[in-house]
Amino acid sequence: MPRVVIVGAGFGGLQCARRLVGKPVDVLLMDRHNYHLFTPLLYQVASSLLNPSDIAYPVRTVFRGARNVAFRVAEVTGADLSAGVLRTAEGPDEPFDYLVLATGARVNFFGQDTIAARAFSLNTLSAALGLRDHVLRCFEAATAADLPNRRRLLTFVVAGAGPTGVEYAGALGELVRIMAGRDYPGLSRADVRILVLEGAERVLPAFPATLGADAQRRLQRLGATIRTGVRVESADDQSVTLSTGEIIPCGTLVWAAGVQPNTLDGGLDAPRGPGGRVAVDDSLRVPGRDRVFAIGDMAAFTQDGGPLPMLAQPAIQAGRAVAANVLRDLAGKPMRSFRYKDPGVMATVGRNAGVALIRGIALKGWLGWVTWLAVHLVFIIGFRNRVAVMLRWAWNYFFYDRPIRFIIGSR
Ligand SMILES: Cc1cc2nc3c(=O)[nH]c(=O)nc-3n(C[C@H](O)[C@H](O)[C@H](O)COP(=O)(O)OP(=O)(O)OC[C@H]3O[C@@H](n4cnc5c(N)ncnc54)[C@H](O)[C@@H]3O)c2cc1C
C-alpha cells in the first residue's frame, strides 16, 4: 500500500493520522516525543494546577488497534523531497510516497541571546515543569533572603500579553494568593510583583479591544501590573532591561513574546512564506511537490490576504483536509482546496473570568470562562485526561487550591 509518513503528532499530524485509520494506506507517524501534548493547558502545569499526565497522551494508545498506523519516536532532521526520503537523527531514514509535515513551532527570542539564556518559556512539558519548580524555589529562597533580595526573588516578569502571557500571569496571581501568607506566613501578597509587559499598545492584541481591556482589568485585580508599548531588551541573572532603559531586578522572566515555525533547521529544501513558515498551495502542498504537504504552525497557508494564525484549529482542520486529499489522490480524483473555518479565539484570566470571540460574538466574564472550560474539555485527547482535568478544576474552584506545589527537578 502507498506509504504516508506524517512528521509531528501534535494537533495537525494526529488528526491527519486519525482520518487515515482503516484506509488503504500504510501510515507512519513520527514525533520526537512519545505523547501528544495539549499545549493550551501547559500554563496550568506551570502554575501547580495540573499534572503532566493530565495534558499529555501516549500516541501509541491513540492508535492501539489501528493496523495500518505505525508510530516511531525519532528526531527528524530533514527530507530529500525528490528522492522521497525522510532523514532522522538516529537512523534509519524513512521512505515515503506521501509526506505530511506538521512540526509546529518553537519559541522565538528574536536573536536576543541573553534572554534565551535566562528566560523560561511555556512550549514544552519540561519547560512548564522547570518554570513551576523555579517559581516555588523563588518563594523558598525569599523566606530566608534580606529585603532587596526578597523583592527581587518575588518579582515575576512576563514578557508578552498574548493569550499565553495573560493566562499564565492570571494563574500565577491565583497561585500567589494561595501561597503568600498561608504556605509562607512570612511573605505577604504585597511582597510579590507580577509585571506583564507587552510591546504592542494593548493586552491581547489579536482580540477585540473591549475584550483586551476586560482581560487587563481582571489581571490587575489578580495583582498584576500591566505595561504596554514596552519590551524586554536583555536579561541577566538578576534583572531585565526594558526598551525604555529601565532595569528591573527580578527572579523570573517568562517569555511569551514570540514563536517561530519549526522547519527542520535547514534540512528542508522548500520555499518559505510569511514568518519563515513553509509556503503551501491551496491544497496545502509544498509548491512543485504533488505529494508533500505542510500544515499547522509550520506552514504559511494564506487565506483572505494573510497567513492563518498559529493556533490549534487551523492545524486540526488542515490535518483532516490533507488526509481527505491523500485518499482523493489515490482514488484518481483531483485534490480539493482547503478553506479554514474560523471558530474564534478565547483566553481565560483566572477564576470566573474569560474572554472569547466565537463566530463574531464577544463573551467575557463568567460566560467567557465557562465557554473556555467547555471548549478545552472537548478538545483534550483521552477520556481519562478529560476526567482528571475536570476533577482538578473542580477541586481548585471549590477549595481555592493548586495542590501540585512540588519542586521535583534539579536546580
Ligand atoms: C503554551 C501554549 C499555549 C497555547 N494555547 C493555545 C490555545 O489556547 N488555543 C490554541 O488554539 N492554540 C494554542 N497554542 C498554539 C497551538 O499549540 C499550536 O498552534 C498548535 O499546537 C499547532 O499544531 P501543529 O500540529 O502545527 O504543531 P504542534 O501541535 O506543536 O505539534 C508539532 C509536533 O511536532 C513534533 N516535532 C517538532 N519537530 C520535530 C522533529 N524535528 N522531529 C520529530 N518531531 C518533531 C513536536 O514534538 C510536536 O509533537 C498554544 C501554544 C503554546 C505553546
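FYI, it's all coordinate maths here, none of it is from the lab. As the structure is a prediction and not an experimental result, all values here were calculated from the model. Cβ coordinates were reconstructed from backbone atoms using ideal geometry, including for glycine residues, and neighbour counts include every protein chain displayed.
Numbers for the structure displayed
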quantity: Region 113-257 - share of DSSP beta bridges that are antiparallel (%, nearest 5); calculated: 25
quantity: Ratio of the Cα radius of gyration of region 51-148 to 2.2 N^0.38 Å, where N counts its residues; calculated: 1.61
quantity: With Cα atoms, 0 to 90° folded angle of helix 312-330 axis to the chain main axis; calculated: 10
quantity: Residue-wise HN-Hα coupling along region 343-348, computed from phi with Karplus coefficients 6.51, -1.76, 1.60 (Hz; x: Gly, Pro); calculated: x, x, 10, 7, 8, 10
quantity: Rounded to 5, the percent of DSSP beta bridges in the chain classed as antiparallel; calculated: 45
quantity: Within region 255-269, backbone nitrogen closer than 17 Å to the virtual label 7 Å beyond the Cα of ALA116 toward Cβ; calculated: 255-267
quantity: FRET E, pair MET390, ARG359, Förster distance 41 Å, beta-carbon r, rounded to 0.05; calculated: 0.95
quantity: Between 0 and 90°, nearest 10: helix 383-399 axis offset from the chain longest Cα axis; calculated: 10
quantity: HN-Hα J in Hz across region 63-73 - Karplus 6.51, -1.76, 1.60, θ = phi - 60°, x for Gly and Pro; calculated: 9, 4, x, 8, 5, 9, 10, 10, 10, 9, 7
quantity: FRET E, pair LEU330, ILE408, Förster distance 60 Å, beta-carbon r, rounded to 0.05; calculated: 0.80
quantity: For the chain: Kirkwood Rh in Å [reciprocal of mean 1/r, alpha carbons]; calculated: 22.4
quantity: Relative contact order of region 227-313, defined on C-alpha pairs under 8 angstrom at six or more residues apart (%); calculated: 16
quantity: Built amide H within the under 5 Å cut-off of SER239, gap 5+; calculated: CYS250
quantity: Stretch gain in nm, segment SER234-TYR340, where the contour uses 0.36 nm per residue and the Cα spacing is subtracted; calculated: 34.4 nm
quantity: Relative contact order (%) - region 113-257, alpha-carbon pairs under 8 angstrom, separation at least six; calculated: 33
quantity: Built amide H within the under 5 Å cut-off of LEU28, gap 5+; calculated: VAL4, VAL5, ILE6, ALA70
quantity: Partner lysines for LYS23 [C-alpha distance under 23 Å; skip if fewer than 8 residues away on the same chain]; calculated: LYS333
quantity: Alpha carbon centroid spacing (whole Å) that separates region 256-307 from region 172-239; calculated: 34
quantity: ALA279 long-range amide H proximity, modeled H, under 5 Å; calculated: ARG272, GLY273, ALA300
quantity: Volume in Å³ per residue [convex hull over Cα atoms, computed for region 113-257]; calculated: 101
quantity: Residue-averaged 222 nm ellipticity for the chain, from DSSP H runs of 4+ at -39500 (n - 2.57), nearest 500; calculated: -10000 deg cm²/dmol
quantity: Normalised contact order of the chain, rounded percent, pairs of Cα under 8 Å and 6 or more residues apart; calculated: 20
quantity: Karplus-derived HN-Hα couplings along region 373-379 (A = 6.51, B = -1.76, C = 1.60, θ = phi - 60°), whole Hz, x at Gly and Pro; calculated: 4, 5, 4, 5, 4, 5, 8
